[in-house]
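Below is one structure, written out as C-alpha cells, with a few remarks after it.
Bear in mind these aren't lab numbers, they're just calculated from the coordinates by the rules spelled out. Predicted, not measured: the structure shown is a model, and the values here were computed from it. Using ideal geometry, Cβ is built from the backbone for each residue, glycine included, and neighbour counts are taken over all protein chains shown.
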Amino acid sequence: MAKRSTLFCSYRHQVLRNWQSTEAVLTKENFVYPILVHDKPDVEEPLEALPALTRYGCNRLEAHVGPLVDKGLTSVLIFGVLQNLSKDVRGSNADSENAPAMQAIRKLRSAFPNILIIADVCICSYTSTGHCGICCDNGDIDIDASVKRLAEISVNFAKAGCDVIAPSSMMDGRVAAIKSALKENGFGNKIPVLSYSAKFRSFFYGPFLEATKSCLPKQDKKMYHLPPASSGIAHRALKRDIDEGADMLMVKPSFAYTDILRDAKTMFPDIPLAVYQVSGEYAMLLKGAEEGLYNLDDGVLEVMTGLRRAGADIIITYFAPYVLDWLSVK
Ligand SMILES: NCC[C@H](CC(=O)O)[C@@H](CN)CCC(=O)O
Ligand SMILES: [Zn+2]
C-alpha cells in the first residue's frame, strides 16, 4: 500500500504554522513609507484620482509623520512634487534651496533624528521633458550629463541630512557615479545606495505620475525602463548595480515581478533586497476592498507575506501607515 502522507500534522497548531512561516514574518521595520512632498509648504493635497495618495507641504510633514513614528514607522522615502517651482531640462529644482525634497529632508531630520530618511534620486518630476534623464536636442538621453546630474543631486540630499540615496533613474552608470561622488564629499562611509536595479516599464506608475504632473506624454520610458518580458536584462541590471557598488537592491513594481524578486535574492542572498509596491498596485488593492471583494487588511497582509516569501527584506508601500496599525493588533 502507498505510504500515507501525514502533512496536516505539521501545520495543525498555530505555533506549528508560525514555525513553518518564519521566512516571511512581517515586522514594522520591513516597511518603508513613500511620501510625496509638495513645493507649497503649507498644503495637504489629495490626488483627485486617488485621494489616499496625498501630497504634503514640508510644513505639514511633522504632524503627519509624528503619529506614524509613535506607531513604529522606522523609514520614509521622499519624493519632491513641483506645482509652484519651475521645471527645466536638467531638473534644477530637484535640489535647489527651496526644492521640496531638500526642505522635507531637513525638516524630517530635525524632527525625527532616528528615522531612516531615504531620498529618491531622479529628475523626471523636475524636468520639462518628464524624462528620468537630461535629453539632447534630438530627444535622446545624454547619459553622461544625466549621471553627473544624479550624482550632484545625491550629494546635495546627503548634505541636507538623508540617510540613504535611492536612484530611481535607470541611467547606466549612475550607481558608480553616485558612490564616487558621495565618497569625494565625505559620505562614502555614511550613506549607502539603495538602487532601483530591476525597475520595469510598467503601466502601474500612473497615479504617481499624475500626482507629480509628469510632463512626459503617455509617460513612455521604454528607452530606459526594463522590458517586462526580459528576466535576462533584469539579472544583468542587478549585477551591473552590484558591480558599481550598490549597497541594497530593489525590484519594481511588485505584483507581476515576484519571480525577479526570487531571482535577485538567489543571485545576491547577502544583499538587502527591497520591493516597491507602486501607486497603481496600491490603488488596485484599495479599490478591490472598496468593492467588497476582500477585507483590506487581510488582502494587503497576504500580498505583503507573498512579497516577503518571494525574497523581499524591505517593502516600499503606501500602505505602510495601515500596516503599522494592523501589525499592532494581529
Ligand atoms: N522616478 C519617479 C517616478 C517612478 C515611476 C517612473 O519612473 O516613471 C516611480 C517612483 N520611483 C513611481 C512610483 C509609483 O508609481 O508609486
Ligand atoms: Zn524618474
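Some points to look at:
- For segment 141-218, alpha-carbon Rg over 2.2 N^0.38 Å: 1.20
- Here r is the Cβ-Cβ distance between residue 291 and residue 24 and R0 is 35 Å; the resulting FRET efficiency, rounded to 0.05, is 0.85.
- Segment 237-308 versus segment 207-235: alpha-carbon centroid distance in Å: 16 Å
- Between residue 116 and residue 88, the simple label model (points 7 Å from Cα in the Cβ direction) yields a spacing of 3.6 nm.
- Rg/Rh ratio calculated on Cα atoms of segment 206-330 (Kirkwood radius): 0.99
- Neighbour counts of C-beta atoms inside 10 Å place 44, 23 in the sequence 23, 44, starting with the fewest.
- Ordering 162, 135, 9, 124 from the fewest to the most neighbouring beta carbons within 10 Å gives 9, 135, 124, 162.
- Taking amide H atoms as placed 1.01 Å from N in the peptide plane, the amide H of residue 57 lies under 5 Å from those of 38, 43, 44, 45, each 5 or more residues away in sequence or on another chain.
- Chymotrypsin sites (Phe, Trp or Tyr not before Pro) restricted to segment 272-330 and DSSP loop, no more than 13 other C-beta within 10 Å: 294
- Packing-based order for 259-265, 86-92, 30-36, using average beta carbon neighbours within 10 Å, highest first: 30-36, 259-265, 86-92
- The orientation-averaged projection of the convex hull spanning the C-alpha atoms of segment 221-280 amounts to 4.3 square nanometres.
- Projecting the Cα atoms of 85, 205, 293 onto the dipole axis of the chain, where Lys and Arg carry +1 and Asp and Glu carry -1 at the beta carbon, places 293 farthest toward the positive end.
- Per principal axis, descending, Cα span of the chain in whole Å: 76, 42, 40
- Straight Cα distances below 27 angstrom link residue 87 to the lysines 40, 107, 148, 159, 179, 199, 213, 218, 221, 222, 252, with same-chain residues fewer than 8 positions distant left out.
- For segment 128-230, the relative contact order works out to 28 percent when only alpha carbon pairs closer than 8 Å and six or more residues apart are counted.
- Cα-based values for segment 1-112, radius of gyration first and Dmax second, are 22.3, 78 Å.
- Evaluated with a Cβ-only charge set (Lys, Arg +1; Asp, Glu -1), the chain carries a dipole of roughly 820 debye about its Cα centre, given to the nearest 20.
- Helical mean residue ellipticity (222 nm; -39500 (n - 2.57) per DSSP H run of 4+; nearest 500) of the chain: -11000 deg cm²/dmol
- Put in order of Cβ neighbour count within 10 Å, fewest first, the listed residues 79, 157, 8 become 8, 79, 157.
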